[in-house]
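Novice: Can you keep this structure in mind? I'll have questions shortly.
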Amino acid sequence: MPSLNFASDNIAGASQPVLDAIVAANAGPMPAYGADPITTGLTTRFSELFEREVEVVLVATGTAANALALASVLSPWGLCLCHEEAHIIDDECGAPEFFTAGAKLLGLQGNGAKIDPRSVAEAVDRLPRHEKQMPAELVSISQATECGLVYGIEEIAALGEVAHARGVKLHMDGARFANALVRLGCSPADMTWRSGVDILSFGGTKNGCLAAEAVIVFDPDLAGTLRRRRKRSGHTLSKGRLLSAQFEGYLAGGHWLDNARHANAMAERLAAGVKALPGARLAWPTEANEVFAILPRGIDEALRRAGAVYHPWSDRSLPAGEALGPDEVLVRLVTAFTTTQDSVDGFLNAARSGA
Ligand SMILES: Cc1ncc(COP(=O)(O)O)c(C=O)c1O
């Protein structure tokens with residue numbers, strides 16, 4: 001019986017190349033606290049990947065990456081504009097506010113958890129310039145978004161322009177960076193600094209790492225305090241090589257891109273099947289590794305009876321004109337690098353039994 005668990009990409013363990021890299025890095029003594037050759041080599045590796053010199057600071061969770069990235073930009077009285085459903089505002093238990101010692105997140109509305117340049121410009125421009133108000137200092141976007149959409153390069157560049165024209169920096173929460181990247185088929189440089197991204201949370205955990213995320217700094221002015229902030233927050237690993245080794249295995253030979261392509265392909269297969277279910281439809285197009293399905297309650301109940309696992313989702317950011325009927329539910333189905341065709345087909349068969 002294949003797994004019918006589509007609750008998250010985090011239900012998967014680590015991939016074999018990542019585990020092999022950890023085992024290979026395990027032997028013998030190496031300098032601690034990131035002075036080892038694997039960690040130092042990783043800066044070169046990421047610089048090649050992004051086609052320029054970057055500063056790389058590794059942590060074990062996406063929340064730490066986001067909160068530390070935000071803290072390196074925002075002053076305690078600064079404002080960060082993001083979507084109202086952004087992970088940083090909804091799912092990090094106030095870590096960004098804690099690590100910034102008081103900065104505030106301002107949630108904007110937008111279809112599919114995307115923010116657009118116009119609403120960013122309006123929000124920044126209507127802020128009174130008085131010492132009583134918090135100034136906007138950062139815009140943060142999630143790539144892919146919390147509703148599974150992928151910002152196009154022009155969309156990122158437009159946000160970057162609007163932000164920079166107002167002295168505001170741009171952060172990208174790339175917890176699903178690889179899934180978005182293979183969707184766009186562009187280079188990591190094009191999806192980030194060439195489009196105005198100043199600082200990036202580069203996710204690894206959801207797509208094959210055991211627990212590894214990298215803060216990638218493109219704006220050299222932001223790099224200075226990041227390492228101290230990481231240590232002060234308790235996120236500097238003494239055996240840093242075992243964190244770095246994960247990225248070594250993850251990036252080698254395009255393994256990370258293969259994983260993401262697989263997860264996205266499984267999501268596409270799932271989305272096609274969902275669309276063919278009587279009475280079902282997609283809330284947003286499937287652009288990465290998440291399917292957001294509006295299901296008749298009967299199908300949802302049949303799936304639960306069959307042991308399928310997934311989360312209900314918020315309908316706050318549905319497109320204009322879309323709404324849930326009284327007998328419909330909105331659910332999120334996430335695929336991972338470990339998802340099999342059998343799982344997808346098993347899920348769809350169970351759904352059909354309730355149609
Ligand atoms: C958009 C987004 N950002 C960041 C994260 C990272 O979160 P965590 O701290 O659980 O690794 C997640 C994980 O669910 C996410 O979906």
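The values are calculated or read from the model by the stated rules, or taken from the named source; none is laboratory data. Quantities reported herein were computed from a predicted structural model and do not represent experimental measurements. Neighbour counts are summed over all protein chains in view; Cβ atoms, including those assigned to glycine, are modelled from backbone coordinates with ideal geometry. With ligands, DNA and RNA removed, areas are computed over all heavy atoms of the protein, side chains included. Shrake-Rupley method; radii C 1.70, N 1.55, O 1.52, S 1.80 Å.
Novice: For region 14-253, with only Lys/Arg (+1) and Asp/Glu (-1) charged at the beta-carbon, what is the dipole magnitude about the Cα centre, in debye rounded to 20?
Specialist: Using only the charged Cβ atoms, the result is roughly 600 debye.
Novice: Let me ask something else. Taking all protein chains in place and a 1.4 Å probe, what share, in percent, of the accessible surface of region 255-353 do carbon and sulfur account for?
Specialist: Here carbon and sulfur together make up 52 percent of the probe-accessible area.
Novice: Right, next: Within region 87-157, report the trypsin sites (Lys or Arg not before Pro) that DSSP leaves as loop and that have at most 15 other Cβ atoms within 10 Å.
Specialist: Of the trypsin sites (Lys or Arg not before Pro), the ones in loops of region 87-157 whose Cβ has at most 15 other Cβ atoms within 10 Å are ARG126, ARG129, LYS132.
Novice: Over its Cα atoms, what ratio of radius of gyration to 2.2 N^0.38 Å does region 204-288 give?
Specialist: Cα Rg divided by the expected 2.2 N^0.38 Å: 1.57.
Novice: Kindly state, as a whole number, the per residue volume in cubic angstrom of the convex hull around the alpha carbon atoms of region 255-353.
Specialist: Looking at region 255-353, the number lands at 95 Å³ per residue.
Novice: For the pairs LYS132/LYS169; LYS169/LYS206; LYS104/LYS169, note any where the Cα-Cα span goes beyond 23 Å.
Specialist: The answer is LYS169/LYS206.
Novice: Separation between the ASP91 and ARG304 pseudo-spin-labels, each 7 Å from Cα along Cα→Cβ, expressed in nm?
Specialist: Computed distance between label sites ASP91 and ARG304 equals 2.1 nm.
Novice: On average over all directions, what projected area in square nanometres does the chain have, based on the convex hull of its Cα atoms?
Specialist: Across all orientations, the chain yields a mean hull projection of 18.0 nm².
Novice: Toward the positive end of the charge dipole of region 255-353, about the Cα centre and with charges on Cβ (Lys, Arg +1; Asp, Glu -1), which of ASN264, ALA302, TRP313 goes farthest?
Specialist: ALA302
Novice: Using a probe radius of 1.4 Å on heavy atoms only, what accessible surface per residue do you get for the chain? Whole Å² is fine.
Specialist: Using a 1.4 Å probe on heavy atoms only, each residue of the chain averages 41 Å².
Novice: Rounded to the nearest 500, what is the chain's calculated 222 nm mean residue ellipticity when only DSSP H runs of at least 4 contribute -39500 (n - 2.57) each, over all residues?
Specialist: -12000 deg cm²/dmol
Novice: Mind checking region 1-102 for chymotrypsin sites (Phe, Trp or Tyr not before Pro) that DSSP puts in a loop (not H, G, I, E or B) and that have at most 14 other Cβ atoms within 10 Å?
Specialist: Taking region 1-102 and a limit of 14 other Cβ atoms within 10 Å, the loop chymotrypsin sites (Phe, Trp or Tyr not before Pro) found are TYR33.
Novice: Simple spin-label model, 7 Å along Cα-to-Cβ: LYS231 to LYS132 in nm?
Specialist: About 4.2 nm separates the two model spin labels.
Novice: Next up: So what are the ³J(HN,Hα) numbers for region 42-52, from phi and the Karplus equation (6.51, -1.76, 1.60; θ = phi - 60°), rounded to whole Hz, Gly and Pro as x?
Specialist: With coefficients 6.51, -1.76 and 1.60, one gets 5, 4, 5, 4, 5, 5, 5, 4, 9, 6, 5 Hz.
Novice: Considering all alpha-carbon pairs of region 172-218, what whole percent are spaced by more than 16 angstrom?
Specialist: 35
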